[in-house]
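Since the structure comes first, as structure tokens, the remarks are kept for the end.
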Amino acid sequence: MTPTSATGRHDRTPRQGFTLVELMMTLLIVGLAAGAVVLTAPDARPSVTSEAETFAARLTRAREEAVLTSRPVAVAVDAAGYDFSVFDVEAGWSPLAEGPFRRAEWAEGVEATLAPANGRFVFDPVGAAEVARLVLSRDGVQRAVAVDAAGEVSVND
């Protein structure tokens, strides 16, 4: 006796392709995986702490430049960024633009507040400076870069 199917046909060919339910489940899994990747991706902008540490390092380099060249070095800070200048007795203040003294812009969204409000850090030829403090903030996070009378630079919360 020959086996037969419920319909009586035994030459039935298998279907090819995917069902709508299978396609929807695949799209759901791919969507969940993509969402997890996007949510765990780090912020591409540098952190406020990173900005403060970079600024502090460049201030320290400006202090070293003042001591090594026996000339005052100033760092002018504004809302967009900061730049460096050096004092020459004959020429007055002239910009420094080479190497680590190129103008630097604050990262997107970073706000800078300098106290006192004259907008400058000045290092004299022996490395001393006027006391000043710069506060960088973004998204509720603040970091302060301070310069004491001896010209020492520090980063604080």
With eigenvalues of the C-alpha gyration tensor scaled by 5 and rooted, the chain, Å: 68, 15, 12
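Using a probe radius of 1.4 Å on heavy atoms only, what accessible surface per residue do you get for the chain? Whole Å² is fine. Present the calculation step by step, with values, prior to reporting the outcome.
Numbers: 10500 Å² over 157 residues.
For the chain, the solvent-accessible area averages 67 Å² per residue.
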Tilt relative to the chain, helix 20-40 - C-alpha long axis, 0 to 90 degrees, to 10: 10 degrees
Mean ellipticity per residue at 222 nm, deg cm²/dmol - from DSSP H runs of n ≥ 4 across the chain, formula -39500 (n - 2.57): -9500 deg cm²/dmol
Ser47 versus Ala97: modelled label distance in nm, points set 7 Å from Cα along the beta carbon direction: 3.5 nm
Accessible-area composition of the chain, carbon plus sulfur, in percent [1.4 Å probe]: 59 percent
Degrees, to the nearest 10: 48-69 long Cα axis against longest axis of the chain: 30 degrees
Radius 13 Å from Cβ of Tyr82, net charge of other residues (Lys, Arg +1; Asp, Glu -1): +1
GluC sites (Glu not before Pro) restricted to DSSP loop in segment 102-142 with at most 13 other C-beta within 10 Å: Glu108
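The values are calculated or read from the model by the stated rules, or taken from the named source; none is laboratory data. If you're wondering where the values come from, they're calculated on a predicted model, not measured in any experiment. All Cβ positions, even for glycine, are placed from backbone atoms using ideal geometry, and neighbour counts span all protein chains on display. With ligands, DNA and RNA removed, areas are computed over all heavy atoms of the protein, side chains included. Shrake-Rupley method; radii C 1.70, N 1.55, O 1.52, S 1.80 Å.
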